[in-house]
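Take a look at the structure below.
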Amino acid sequence: MQRRVGVRTASVVTAAFLVVAMAACTSGGDDQDPAAGGPAGVDDGTTLTLWTRAATESVSKAYAEAYNKAHQNKIEVTAYPGEEYPAKLASAAGARALPDLFAADVVFSAQYASQGLWQDITDRFDASGFKGKVAPAHVDAATWEGKNYAVPHTIDMSVLLYNKDLYQRAGLDPERGPTTLAEYAEHARKIDKLGGDINGTYFGGNCGGCVEFTFWPSVWAAGGDVIDADGRNAKIDSKEMADVFALYRKLYDEGVAAPASKDEAGPTWLGALQNGKVGIAPGPSVWLGLIESAGVKMGVAPISGIAGGESTFVGGDAIGISASSKKAAQAWHFLQWTMSDEAQVEVIAKNKGVPTRTDLAANKYSSADPRIVMINNLMAKGRTPYAQNFNASFNDPQSPWLSTVRGALFGSAATALADGNSAITKSLQQS
């Protein structure tokens, strides 16, 4: 699908692209770079800058730390809040100040490719031997007019994460998570009754991306949808969506969901689970290892519909070399390394993440952990939605989706979905 950036930032990004493209043309590009280094790139002690959004900061830094230890090149990672990230990239492109590498939510990667913010890496990718072994959905999303502009950086799926110690204390089986969304709510209520500073659940109530990532799978699992196949019409005014919002709203009104859920915009979402005070919450699968590294024993369950079923939001980030970088050969050296067995097994799989390599889904770490096997198997049941104006319609802080979320969870629930459906459809259809 040929997606474009949202209308709110389209003109900024287009202008930025023209500046970057003219600079690339006058510089001669990578073909004239004396340090082109061949298909593997160059490792000569160059310092490379990498930007990422906060949601995948920890993974980006894990890649960088491992790479820096074993190579002369050095990667410096900077993360930005997800809701600010598209505008930050647009502004940097306009000022010809993009980093050497930047990662982006896979849902939006084709937008950056189509606007020329990433360099064409087709030849290098073809020669790497990895093109047919990495997540095809990510490769497709970052392909524009037959050329590749980015490679998979992280694979992430939404799941239910629950605290085994709190399950034990609440009289729940720590080896069995909920099988329906209704049961998830019951478990959260039981844990909340432990009292004190314990909360039954937690969610990102002021974060459009957080809510779509964790609520939409329940809609899909129940047989509903969110947008049509062409990405032109919203379908949120449905019983399936209404039921999901009603459940979460009731958990908040009852005090079962932590009060901070109302204002959670994303940056402190992980920390809320790492402190060991939340019983069960939907969240990114990549957080499993990060939470356990803080000393919290976690269980994992698929996200269900109200009465059953399973689904997941197949997300994660793609990463490419910025159009303005003069260090493409060195940047490619890093990108190729991230797809290697070493990086995918010892950085990603070892920390309970999902490898971007499809041939490494079963490895010495995942095979030893039934939770990881379950997460990996969810890929076939999940979805990755696409729309030309996805950012402006859903993820932007000013999007009609976030207004809908706030109304459905904390405001006028009776009209929120109907009004939101009209506003989101209008936004999706803007060119």
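Six or more apart or on different chains, Cβ atoms under 7 Å: show the pairs whose first residue is in region 412-429 and in the same structural domain as MET241 (by TED's automatic domain parsing) and more than 13 Å from PHE245 (Cβ to Cβ) and whose second is aromatic (Phe, Trp, Tyr) and surrounded by 13 or more Cβ atoms within 10 Å (Cβ to Cβ).
Correct list of pairs: ILE424/TRP401.
Considering only region 346-355, I want to know if a residue exists there that is in contact (Cβ under 8 Å) with a residue 12 or more places away in the chain, over 19 Å from PHE108 (Cβ atoms), charged (D, E, K, R) and buried (at least 23 other Cβ atoms within 10 Å of the Cβ).
Within region 346-355, one or more residues are in contact (Cβ under 8 Å) with a residue 12 or more places away in the chain, over 19 Å from PHE108 (Cβ atoms), charged (D, E, K, R) and buried (at least 23 other Cβ atoms within 10 Å of the Cβ).
Within region 73-88, is even one residue part of a helix (DSSP H, G or I), in contact with a helix residue (DSSP H, G or I) (Cβ under 9 Å, 6 or more places away or on another chain) and either modelled with pLDDT of 95 or more or at positive phi (or both)?
Among the residues of region 73-88, not one is part of a helix (DSSP H, G or I), in contact with a helix residue (DSSP H, G or I) (Cβ under 9 Å, 6 or more places away or on another chain) and either modelled with pLDDT of 95 or more or at positive phi (or both), which makes the answer no.
Only residues that are out of contact with any Gly (no Cβ under 8 Å at 6 or more places or on another chain) and touching a residue at least 60 places away in the same chain (Cβ under 8 Å): list them for region 373-387, please.
Hits for region 373-387 are MET374, ILE375, LEU378, MET379, LYS381, GLY382, ARG383.
Taking the residues in region 133-152 that are in a strand (DSSP E or B) and out of contact with any Phe, Trp or Tyr (no Cβ under 8 Å at 6 or more places or on another chain) as candidates, determine which candidate is surrounded by the most Cβ atoms within 10 Å (Cβ to Cβ).
PRO152
Residue-by-condition table, conditions (1) of a type in the set (A, V, I, L, M); (2) more than 27 Å from ALA221 (Cα to Cα); (3) not assigned by TED's automatic domain parsing to the domain that holds HIS333:
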residue: PHE125; (1), (2), (3): no, yes, no
residue: ALA135; (1), (2), (3): yes, no, no
residue: GLY146; (1), (2), (3): no, yes, no
residue: ALA170; (1), (2), (3): yes, yes, yes
residue: ALA185; (1), (2), (3): yes, no, yes
residue: ALA188; (1), (2), (3): yes, no, yes
residue: ILE191; (1), (2), (3): yes, no, yes
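Mind listing whichever residues of region 86-110 are closer than 19 Å to ILE155 by Cα and touching a Lys or Arg at 6+ places or on another chain (Cβ under 6 Å)?
ALA110
What are the residues in region 108-122 that are free of Cβ contacts under 8 Å to residues at least 60 places away in the same chain and either charged (D, E, K, R) or not in a helix (DSSP H, G or I) (or both), if any?
ASP120
Filter region 198-219 down to the residues that are assigned to a helix (DSSP H, G or I), of a type outside the set (D, E, K, R) and under 18 Å from the mean Cα position of the chain (by Cα) and list them by number.
Matches in region 198-219: GLY208, GLY209, CYS210, VAL211, PHE213, THR214, PHE215, TRP216, PRO217, SER218.
From the list GLY353, GLY420, pick out the single residue that is over 21 Å from VAL151 (Cα atoms) and out of contact with any Cys (no Cβ under 6 Å at 6 or more places or on another chain).
Result of the check over GLY353, GLY420: GLY420.
Within region 163-197, take every residue that is among the basic types (Lys, Arg) and assigned to a loop (DSSP other than H, G, I, E, B) and give me the one that is farthest from ALA258 (Cα to Cα).
If we take residues in region 163-197 being among the basic types (Lys, Arg) and assigned to a loop (DSSP other than H, G, I, E, B), then ARG176 is farthest from ALA258 (Cα to Cα).
For residues that are modelled with pLDDT under 95 and either among the polar types (S, T, N, Q) or surrounded by fewer than 24 Cβ atoms within 10 Å (Cβ to Cβ) (or both), tally how many sit in region 109-126.
Residues in region 109-126 being modelled with pLDDT under 95 and either among the polar types (S, T, N, Q) or surrounded by fewer than 24 Cβ atoms within 10 Å (Cβ to Cβ) (or both): 5 in total.
Taking the options SER322, SER366, name whichever one is assigned by TED's automatic domain parsing to the domain that holds ALA62, buried (at least 23 other Cβ atoms within 10 Å of the Cβ) and at pLDDT 90 or above.
It is SER322.
Of the residues ASP105, ASP100, only one is of a type in the set (Asp, Glu), over 17 Å from LEU48 (Cα atoms), touching a residue at least 60 places away in the same chain (Cβ under 8 Å) and crowded, with 18+ Cβ neighbours inside 10 Å; which?
The match here is ASP105.
Taking interchain pairs and intrachain pairs at least six residues apart, which have beta carbon atoms under 9 angstrom, with the first residue in region 358-370 and over 17 Å from MET298 (Cα atoms) and the second polar (S, T, N, Q)?
Note: pairs meeting the criteria are LEU360/GLN344; LEU360/SER366; ALA361/ASN376; ALA361/ASN377; ALA362/ASN376; ASN363/GLN344.
Can you go through LEU89, LEU166 and tell me which one is surrounded by 24 or more Cβ atoms within 10 Å (Cβ to Cβ), among the aliphatic types (A, V, I, L, M) and more than 27 Å from SER399 (Cα to Cα)?
Just a single option satisfies the conditions, and that option is LEU166.
Looking at GLY255, GLY271, GLY266, GLY224, can you tell me which residue is in contact with an Asp or Glu (Cβ under 8 Å, 6 or more places away or on another chain) and surrounded by fewer than 17 Cβ atoms within 10 Å (Cβ to Cβ)?
Criteria check complete, one pass: GLY255.
The values are calculated or read from the model by the stated rules, or taken from the named source; none is laboratory data. Note that the structure is predicted; figures quoted are calculated from it, not measured. Heads up, the Cβs are rebuilt from the backbone with ideal geometry, glycines too, and the neighbour counts pull from every protein chain shown.
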